[in-house]
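Reading through the structure tokens given below for one structure.
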Amino acid sequence: MTKSGKQLKFVIQRHAASRLHYDFRLEMEGVLKSWAVPKGPSLNPADKRLAMMVEDHPYDYRTFEGTIPEGNYGAGEVEIWDEGTYEALQKESRKRDETILLKELQQGSLKFILHGKKLKGEFALVKMKTEDAGNAWLLIKHKDEYAVTTKYDAEKFTNKTSKVTKAVKAKAARTGVQKKQAVKKSPVPEAKARKQFNEN
């Protein structure tokens, strides 16, 4: 179990696995508490981004960028989208940030301040309370000086020449080809099928 030192670290990894998503990771208890965020984080408080809590990752995974080989869990390309330090929003005398954050995590309402390169200011992770919610949380930006009111798309703040971007484009191209092949192999062309339906 490794710890970063006095300041707690966070990282957001952009991950092209079976589907593109963002892995949001917060250091606690020497590991990375982790959530998969399909649409990526947002600086717009109006956005309530779904965040599925997944298993803890080793602290050293914080700096990982590269390829997870086929046949392994999460196979695909990974890159760091943002990173930095974070702290508890609520402060209590004589209590360390980590103690407060762990208590809030157990209560299902985690409030913190990010000091990243792209993400800054106050955020919250709130566990959904519905019966079928499972490990579903919501990642929400608080209204502060770093919040925006315009549409926020994390994909617009990525490196367009990265391996993750190339992997996403390659998969989209393969999917397009497969769809075209499926249409060609169809025993009854769409136009002919419509004609037969109308005649009946």
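Using a Förster distance of 35 angstrom, determine the FRET efficiency expected from the C-beta separation of LYS118 and ALA173, and round it to 0.05.
0.80
From the phi angles alone, apply the Karplus equation (6.51, -1.76, 1.60; θ = phi - 60°) to segment 75-91 and give each ³J(HN,Hα) in whole Hz, x where the residue is Gly or Pro.
My calculation for segment 75-91 gives 3, x, 9, 10, 9, 7, 8, 7, 7, x, 10, 8, 8, 5, 6, 7, 10 Hz in order.
If the chain between GLU29 and ASP60 were fully stretched, how many nm would it gain, using 0.36 nm times the residue separation less the Cα-Cα distance?
9.9 nm
Quick one: putting +1 on the C-beta of Lys and Arg, -1 on the C-beta of Asp and Glu, what dipole do you get for segment 1-143 around its Cα centre, in Debye to the nearest 20?
720
Return the sequence-ordered ³J(HN,Hα) values of segment 161-167 in whole Hz as given by the Karplus equation 6.51 cos²θ - 1.76 cosθ + 1.60 applied to θ = phi - 60°, using x for Gly and Pro.
Karplus-based 3J(HN,Hα) across segment 161-167 equals 10, 6, 5, 5, 4, 4, 5 Hz.
Whole-Hz ³J(HN,Hα) for each residue in segment 8-17, computed from phi via Karplus 6.51 cos²θ - 1.76 cosθ + 1.60 with θ = phi - 60°, x for glycine and proline: what do you get?
Rounded to whole hertz, the list is 6, 10, 9, 8, 10, 9, 7, 10, 8, 9.
Cα gyration tensor of segment 8-154, axes a ≥ b ≥ c as square roots of the eigenvalues: rounded (a/c below 1.5), prolate (a/b > b/c) or oblate?
Since a/c stays below 1.5, the shape of segment 8-154 is classed as rounded.
If R0 is 30 Å, what FRET efficiency do you get for ALA46 and LYS163 from their C-beta distance, rounded to 0.05?
0.40
Check HIS142: other-chain or 5+ apart residues with amide H under 5 Å from its amide H, H built from backbone geometry?
GLU122, PHE123, ALA124
Enumerate by residue number the GluC sites (Glu not before Pro) in segment 1-105 meeting two conditions: DSSP loop (anything except H, G, I, E, B), and at most 15 other Cβ atoms within 10 Å of the site's Cβ.
GLU29, GLU65, GLU70, GLU92
Classify segment 1-95 as rounded, prolate or oblate from the Cα gyration tensor: take a ≥ b ≥ c as the square roots of its eigenvalues, call it rounded if a/c is under 1.5, otherwise prolate when a/b beats b/c and oblate if not.
Oblate shape, in that a/c is at least 1.5 and b/c is the bigger or equal ratio.
For the charge dipole of segment 8-154, defined by +1 on Lys and Arg C-beta atoms and -1 on Asp and Glu C-beta atoms about the Cα centroid, which residue among LEU50, PRO69, VAL31 has the Cα displaced farthest towards the positive pole?
LEU50
Amide H to amide H under 5 Å from GLY84: which residues, 5+ apart in sequence or cross-chain, H placed 1.01 Å off N in plane?
Residues meeting the amide H criterion: PHE10.
Values in this text are rule-based calculations from the coordinates and carry no lab data. Everything numeric in this text was worked out from a predicted model, so none of it was measured. With ideal geometry, Cβ positions are generated from the backbone for all residues, glycine too; neighbour counts draw on all protein chains shown.
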